Every structure is written in C-alpha cells, then in structure tokens.
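This report refers to the structure that appears directly beneath it.
The values are calculated or read from the model by the stated rules, or taken from the named source; none is laboratory data. Model, not experiment: these values are computed from the prediction. Methodologically, a virtual Cβ is constructed for each residue, glycine included, from the backbone with ideal geometry; neighbour enumeration extends over all protein chains shown. Ligands, DNA and RNA are stripped out before the accessible areas are found, and what is left, the full protein with its side chains, is counted by its heavy atoms. Shrake-Rupley method; radii C 1.70, N 1.55, O 1.52, S 1.80 Å.
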Amino acid sequence: MSVAAIAFSPEQLAEVRRLQSLYPDKRGALLPVLHMAQDTFGYVSLEAEEYVAGLFDLSPAHVHEVVTFYTLYFREPKGRHVVAVCHNLSCHLAGAPEILAHVKRRLGIEAGETTGDGRITLQAVECLCACEAAPMMQVDDRYELNLTPEKVDRILEGLA
Amino acid sequence: MTLVLTRSFDDSSSHTLEAYRAHGGYAAWEKAQAMEPAAIVDEVKAANLRGLGGAGFPTGVKWSFIPKNHTGPVYLVVNADEGEPGTFKDRYLLERDPHALIEGMLIAARAIRSALGFVYIRGEYVEPWRRFSAAVREAYDAHHLGRGFDVVVHRGAGAYICGEETGLISSLEGKKGWPKVKPPFPAIKGAFGQPTIVNNVETLCCVPPIIERGAAWFAGLGTKTQGGTRMYSVSGRVKRPGVYETPVSVTLRQLIFEHAGGVTASGRLKAVVPGGGSAPILTADEIDVTMDVDGLKNAGSMIGSAGVVVMDESASIPEALMVLARFYAHESCGQCTPCRESTGWIYKMVHRIVEGHGHKDDLDTIVDVAKRGGGTTICAFYDGAVGPYVSYIEKFRPEFEALISRA
Ligand SMILES: Cc1cc2nc3c(=O)[nH]c(=O)nc-3n(C[C@H](O)[C@H](O)[C@H](O)COP(=O)(O)O)c2cc1C
Ligand code: SF4
Ligand code: FES
C-alpha cells in the first residue's frame, strides 16, 4: 500500500473527532481510532502509526509502543480471514492441541503465518472466555464453538 | 432456587429494553433516585456485596473511598475485560442482560457522584460489544442515560493484563496497559488523574436487586461475610459445562456433581481449579469447601473470578501447568524483573519436563524461584502465576517426577 493511501475520509475524520470528544483527554480515543485504522488500511503499518500520531498530537514512538503492546493490532498485512484457535486450559483439556494440529495441516501453515493465497492468517491464542464450549476458536468476529475436525473443515471451506 | 443475575436468561429477547422492563427493570433506578448517595453506599455495604472480578473487595467500602471534598469529576469504570482462563460469566451478562449493567452503573454513579462512566470491553468480544452498545443506545433513547450520566463504550485491543484495574486505566488513557504502583489507589487518583471506581460487570449487576429488594435480603442469600449469589463458570471435564448461578454458600462438590452433572470420561475427579487459572489447584479430596471469598481463602486457594475448571483422571497435571505457564509468559507486561524473567524461564522449564527432558532438581528450583519473586511486583499478576506454579507441583509432585525419571 502506498503512503498516499494512508488517510481517513472526511466522514472518518469527523468520527475521529467525535471519539476524541468522548474522553476527558482525547488520547483516550487512541485504541478505538487504531481499530478504525486497521479496519480501513488492513493493518497498522508504520505509516499508519505516524498518521494516527498526527491526529492525536502524539509522537509516532508513543503510538508504536501502544500498537506493539496489543495482540489485536496487526503490523503486517493479514489474511482476508483470521482464524484464532484457543489453546488455554479448558480448550486444552477438550482437545485443542488436536484441533490446532488439524488446522495447521489443512492450511499448510504454522500459527502466526498466512496462507500463500492471502486467504487465512492462523493464530494460537489465550483464553477467549467461551470455555463452556471448548474447544473453540474465533474466526474474524465470530466465535466458533464445540469444535471437531469435521466442523473445522466445514468452517474453513466457507472462508472465501 | 433463587436466581438474581440470570433470572431472565431463558427469555431470548432478554437483552432488549422492553424485556428488561417486563422483568421489572429500571424500578431500582427509580427508587435510587429518591435516595441520598450516602444511603446507597450504606445499603450496598450492608448487603455484604464483594467484588466479583477477582479480588473480592467489599464494594460499598470501595465506593466510600472517593474523597468527600473532591470537587472535580469522578469516573465509574466497568471492567468488562474478562480474560481469566476458565471464566465466561461477564460475556453472558453483556449479551443477555446489558440493561442490568446499565442500571447498576446508574445507581453506582449516583452513589459516587459520577457523571461519566466507561465500559472497557475486551477487544475479542465483538458480539457482546455490539449487544451492549445497542442497549446503551436504547437507554439513551429512553432518557435513562444522558440526564446527568453518560456512558462511553470502549473496546480493548487484546492484552490480559488490561483486566488488572490500573492496567485497564492506563489502556483507557490511550497507553500500553501497564499497571501502576498502588497507592495511590484509583479511588483517589484513577482514570485521567481523577478519583475512579473500577468495578466488575457482575458486581454492578448485583446492585439493582440490592436496591430493589434490600440489603438484608441480599446479605441473607450468602454467608456471614459475603452476600448474594454469583455466577460460577464451570468448564473442563464435566457433563454439563456452563454458567451456574447459586448462593455463594454452595460447595465446590455441589457445583461439580449437582449443577454440572458430574465428571465425564473416566468419571473420576482428579483436580479442580476453583477460581480461574490463577487460583491454586485443589485435589479431589479438597472440594468440600464453600465457594465464597473466605471459604476458598481458608482452603489455601482463592475464589478469584469463580471460573471452575474440572480435571478428571485422564488429565495431565504437568501439561495443565505448562499451558498456564505459557499463558503467564505470554501475558506478563514486562515491567517488573521477577515477573518478566520468571514467567519466561518457568515456562521453558515446565515445557522441558513435559517433553521428557527434565532434570532431578528442576521441581525444587521452579518452586524456589517462583516463591522468591512473590509479593515483590507492581501488580498481582505475578502472585496469580505463583499460585499455580507452586500448588500444581506441591500437590501433584509424583506425576511430575514420573516424567522426569523417564528422562
Ligand atoms: C492480572 C489480573 C487480571 C485481572 N483481570 C480481571 C478481569 O478480567 N475482570 C475483572 O473484573 N477484574 C479483573 N481483575 C481484578 C481487577 O484488578 C479489579 O480488582 C476488579 O476489576 C475490581 O472490580 P470488583 O471490585 O467489582 O471485583 C484482574 C486482576 C489482576 C491482578
Ligand atoms: S507483576 Fe508482571 S504483569 Fe504486573 S506489572 Fe509487574 S511485570 Fe507487569
Ligand atoms: S480455554 Fe479456550 S475459551 Fe477458555
């Protein structure tokens, strides 16, 4: 993505100002605006960090420190879909290692990688707090519960 | 059985304002508006409500710490950053009873004289965030909100440590979620430098019933030192995993065998985590304890977030510890040397043991290293890791030793 493409639309800039006005100090809106930046630009590049820093009168270094602290901000292009398999305790007890191994085999990638066609980024993540339906994973915005290898196959096939 | 927090969960429209009203919603707020703030605080104190996010601190007492002579803003911050392994109750409340939280916030805000509240929802909770945001819009349209009290819904971005109240405040301020040294406590100097009360979702959902039905009724539901019911998240090797609301006097045995239907597979209980991943583990012989704050404390563990994870005979305790150790190594914020160094190092050691490459001295070394760092860090995260490290090894030592002797 070229540097010139890193800019919000006038409507988005209005939304940024609205978000900033909700907090006693406009900095409070930094995380929400970084979510917006990621949704708009696909991931949070160094250029995007610099752009967002400008909207907050913050140093790019501060924004970089924030972006790298949180797991939901991607600093490199991600797949069109993100598949995040929980591998914490309850999911582990319910067979998460087998589910994760199955997904890796199906996609031919390791956790932290993206398929060559840019379709799916795979992650192994900590407790997503749906342990009553273990093993589980998150696919983009959705929680997929009570997984079996067959169910995983159906879900992966449905991702364009 | 008395259901307080989950009474409307069977109604598929329970998240709407209409259904909430049909179940008697916002009547407590009506009543509270005629009460002096101090009277609300007293009522919550007398109800023996204790924080349900992890620390179990008496809620009314916490509210009374807001400086009386303070003339600037006071903030109410809701901790909806649910992330403790084995816990999922707040997700149910956000999705199925969002108006209960809004009503609890309104009453709490009146008690502490706050005009602005923030609800910090973990970033992964997209559906709960949508549901809760929709309820906030309904509450504005119905003029419950926007008349002296506003609510900002804030999404986190993935970091367990933001569940710790001062880490949460740092994050809300647009910084990385580093916990801060206490004192000053948030009630004195919290979000944006102002007095702030941080409460868990479930804690605030208890407030409307307390105001509506009275402190004596709520206190009477529980034990001498803790009132009410609470929502236990039960998962792992049980027949019916799920959220169970019961009075806090329930025993762990009742929860596992009566509510959750008993143990699956081998049918034989081996161990239980009683209060979320950070609670010291209990053996099958230690489950005749009441599930209130003091019951678990006396049993050498903690109720924490009330996330109950059940392990049967087929579960490997060393593997379970490895999974948790990996979690702590990943989630340490890195500010304090003992926490940053030990969590990484202990994970490597436990991993090595599970892989069959452990050494004879490893177990003593882990326990020794873990204990030495305890109590020296900025926040309770590290103590929450030490509990599992030490208890898993001390209570199930032969199982670890069997892996080592094979090495
Ligand atoms: C490492 C750590 C993680 C925590 N995570 C949460 C959490 O996810 N949700 C929560 O409500 N409290 C959590 N807490 C407890 C909070 O610090 C705080 O005590 C609580 O939000 C206060 O609300 P309460 O008094 O209503 O329980 C955590 C504490 C620690 C040390
Ligand atoms: S104890 Fe660990 S998580 Fe808490 S502040 Fe220190 S380094 Fe961070
Ligand atoms: S352990 Fe996987 S959702 Fe909690």
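Sub-6 Å Cβ pairs linking a first residue in region B:152-169 that is of a type in the set (Ser, Thr, Tyr) to a second residue that is at pLDDT 95 or above and not in a helix (DSSP H, G or I), at least 6 apart or interchain, are B:TYR160/B:GLY83; B:THR166/B:PRO179; B:THR166/B:LYS180, ordered by first then second residue. Taken over region B:240-270, the residue count meeting the criterion of being open to solvent by less than 20 Å² (accessible area, probe 1.4 Å), in contact with a helix residue (DSSP H, G or I) (Cβ under 9 Å, 6 or more places away or on another chain) and within 11 Å of chain A (Cβ to nearest Cβ) is 1. The residue of region B:326-363 that is nearest to B:SER405 (Cα to Cα), among those that are more than 16 Å from ligand 1 (Cβ to nearest atom) and hydroxyl-bearing (Ser, Thr, Tyr), is B:TYR347. Is it the case that B:VAL41 is in a loop (DSSP other than H, G, I, E, B) and crowded, with 21+ Cβ neighbours inside 10 Å? So B:VAL41 fails the test. Tell me whether region B:96-112 contains one or more residues that are of a type outside the set (Asp, Glu), open to solvent by less than 10 Å² (accessible area, probe 1.4 Å) and either within 12 Å of chain A (Cβ to nearest Cβ) or within 16 Å of ligand 2 (Cβ to nearest atom) (or both). No; the residues of region B:96-112 include none that is of a type outside the set (Asp, Glu), open to solvent by less than 10 Å² (accessible area, probe 1.4 Å) and either within 12 Å of chain A (Cβ to nearest Cβ) or within 16 Å of ligand 2 (Cβ to nearest atom) (or both). Each residue in region B:9-29 was checked for being outside any helix (DSSP H, G or I) and either under 24 Å from the mean Cα position of the chain (by Cα) or small (Gly, Ala, Ser) (or both), and 8 pass. For region A:35-110, the helices (runs of 4 or more DSSP H) that sit wholly inside it and include 3 or more residues that are open to solvent by 50 Å² or more (accessible area, probe 1.4 Å) are A:46-56, A:60-69, A:96-107. Of the listed requirements (1) open to solvent by 10 Å² or more (accessible area, probe 1.4 Å); (2) over 21 Å from B:GLY262 (Cβ atoms); (3) within 14 Å of chain A (Cβ to nearest Cβ), B:VAL323 misses just one: (1). The criterion of at least 1 residues that are within 16 Å of ligand 3 (Cβ to nearest atom) and closer than 30 Å to B:VAL238 by Cα is met by the following helices (runs of 4 or more DSSP H) wholly inside region B:310-388: B:317-331.
For region B:44-62, a residue qualifies if it is under 27 Å from B:GLY277 (Cα atoms) and assigned to a loop (DSSP other than H, G, I, E, B), and the qualifying residues are B:ASN48, B:LEU49, B:GLY51, B:LEU52, B:GLY53, B:GLY54, B:ALA55, B:GLY56, B:PHE57. Entry remark, region B:63-88: residues being assigned to a loop (DSSP other than H, G, I, E, B) and modelled with pLDDT of 95 or more number 16 in total. Considering (1) more than 19 Å from B:VAL153 (Cα to Cα); (2) within 14 Å of chain A (Cβ to nearest Cβ), the lone condition that B:LEU172 does not fulfil carries the number (1). Candidates are the residues of region B:29-65 that are touching a residue at least 12 places away in the same chain (Cβ under 8 Å) and aromatic (Phe, Trp, Tyr); the one that is nearest to ligand 3 (Cβ to nearest atom) is B:TRP63.
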